[in-house]
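Presented below is the structure to which this report refers.
The values are calculated or read from the model by the stated rules, or taken from the named source; none is laboratory data. Since we're looking at a predicted model, the values are computed, not measured. Every residue, glycine among them, receives a Cβ derived from its backbone with ideal geometry; neighbour counts consider all protein chains shown.
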Amino acid sequence: MLISGWYHIEIRSDNVMMSEEQASLFPDPPLPGIAITEMQADLVTRIEEGQFSEVKDKMISPSKLSHTISAFANTDGGELYIGIGEQLLGGNVKQRVWNGFSDIEAANAHMATFDKCFPLGNDFQYEFLRCSVRKGVLLHVLVNRTSRIMKASDGIPYVRRGAQNLPQTKLEELRRLEYTKGVASFEGHTVKAPKELITESPVTRDYLNHVVPTAEPESWLRKQSLISNEMPTVAGLLLFAEEPQAQIPKHCGIKVYRYETNETEGYRDVLSFVPVTIEGCLYSQIKDAVLRTVMEVEKIKRMGESGLETIKYPKEALHEIITNAVIHRDYSIADDVHVRIFDNRIEVQSPGRLPAHVTPANILNERFARNGAIVRLLNKFPDPPNRDVGEGLNTAFEKMNQLGLKEPSIEERDSDVLVTMRHEPLASPEQTIMKYLETHETIRNKQAREITHVRDSDKMKRILSTMADKGEIEGVPGAQFGGMKYRKKQRV
């Protein structure tokens, strides 16, 4: 199937039965060997090269191939197939062909180079693909996005841009990669500003009165590494200066927009007001941004059953998503957090890509703090915005479901992360259950609650009972143990 412009081949070792004679052609491999069908082999040779995939001839040097693995690891991950060549059909027309290694041992030079740079583990997996009607075996390298910077055999780290592997050799390129990976954090950099901006700040005084009343501001700030070489750090200013934007302009504000449209992009003619820039220390910024967003959302009306009705989003979800955008953004990027309110959705854009190994797919389960000092110290403010450390987005998803709205979407782009909350209702519990039964034979109360986000067991029992009365589902005979089990109504 085609995913994001590249082919992912779902390969199973039980797809093909090989004869003893065929199997004898392939000695036991040191890594898993997978037999694939002729159809799968054809798909592999036609893989579209791009951001997440690349195919190479076996004759290309292992050191050059390590550039691709480094680029995948330092960007979004990807797959590399080695053993696919090209043949000239005539003129300038070329066709890819399966041209694998004669045997697994023939790939030893590649494996030795790869293992030296990229040890086997969760980040890199290698396997050999074989097809009974194709010559030789292919080496398939699966690369995950890594939490650390990975260098190629030439000692240079690469990043992936489309189908290109770009070397990162300039100081600013290497520093950007460090920030993206979370190896270094911009929050620790010093700013040429008087330390008194935070040592004598009322924000600091109020904070210490609440957290450590006996502490002296300057001494405490030094212990927290928020003052270095007699200058405040970025984190120190963001947390404790009254107006950090004066010292770090264009890096730490929140802009709120209101577009009176449902269209994909907002534009000037549908702006309700000149975009509002919210400034101040992070603690007050987050609270003010959430309040302003809620205020603007409550002005939105849409036609409902009883006439014009106010649009509602769960305030907790708004709070968590804006908080997450502020505390986990990349402060080295000269841009603000953007909150765009449309008639049918809210978009929160946070500068910087996701750090380390975090991706949109695993973000609800993985934890990585790009700005560790900000996260830790902000959590100690009275009524902290990041009360449940690491659980913010989970809470946002849960609150949207509780209000009967679809879960937010998370998109990682070239230089930012976009979270979109759409004012679109979830499917009814009944619709969700029937869709589940299209691919599953039966369903129990517990499973139904999990997929419909209905927490109450008795409520779900009534829903299932009503569906049974209407003839949509029926109880499974003899399935009382472990709770009643239902299936689609059997039609005679």
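Of the strands (runs of 3 or more DSSP E) entirely within region 393-487, those holding at least 1 residues that are within 26 Å of SER350 (Cβ to Cβ) occupy 409-412, 416-422. When we screen VAL375, VAL348, VAL326, VAL339 for residues that are within 21 Å of VAL290 (Cβ to Cβ), without any contact (Cβ under 8 Å) to a residue 60 or more places away in the chain and either of a type in the set (Phe, Trp, Tyr) or not in a loop (DSSP other than H, G, I, E, B) (or both), the only hit is VAL375. Please verify whether ILE248 is outside any helix (DSSP H, G or I) and aliphatic (A, V, I, L, M), treating the condition exactly as stated. Spelling it out, ILE248 is indeed outside any helix (DSSP H, G or I) and aliphatic (A, V, I, L, M).
Could you pull out every one of the strands (runs of 3 or more DSSP E) wholly within region 128-172 that has 2 or more residues that are closer than 20 Å to ASP115 by Cβ? Before the answer, list the steps.
Numbers: elements: 137-143, 158-161, 164-167.
Per the criteria, 137-143.
May I ask you to say which residue of GLU309, GLU265 is out of contact with any Asp or Glu (no Cβ under 8 Å at 6 or more places or on another chain), without any contact (Cβ under 8 Å) to a residue 12 or more places away in the chain and assigned to a strand (DSSP E or B)?
Working: GLU265 fails: assigned to a strand (DSSP E or B).
Every option except GLU309 fails the conditions.
Of the set (1) of a type outside the set (Asp, Glu); (2) within 30 Å of THR323 (Cβ to Cβ); (3) surrounded by fewer than 17 Cβ atoms within 10 Å (Cβ to Cβ), all apply to ARG449 but (3). LEU197: hydrophobic (A, V, I, L, M, F, W, C), surrounded by fewer than 21 Cβ atoms within 10 Å (Cβ to Cβ), not in a strand (DSSP E or B) and not assigned by TED's automatic domain parsing to the domain that holds LYS116, yes or no? Against the criterion (hydrophobic (A, V, I, L, M, F, W, C), surrounded by fewer than 21 Cβ atoms within 10 Å (Cβ to Cβ), not in a strand (DSSP E or B) and not assigned by TED's automatic domain parsing to the domain that holds LYS116), LEU197 does not qualify. Screening ASN209 with (1) within 19 Å of VAL375 (Cα to Cα); (2) assigned to a helix (DSSP H, G or I) gives one miss only, at (1). Within region 21-34, does at least one residue satisfy the condition of being hydrophobic (A, V, I, L, M, F, W, C), assigned by TED's automatic domain parsing to the domain that holds ILE156, surrounded by 12 or more Cβ atoms within 10 Å (Cβ to Cβ) and modelled with pLDDT of 55 or more? Yes, some residue in region 21-34 is hydrophobic (A, V, I, L, M, F, W, C), assigned by TED's automatic domain parsing to the domain that holds ILE156, surrounded by 12 or more Cβ atoms within 10 Å (Cβ to Cβ) and modelled with pLDDT of 55 or more.
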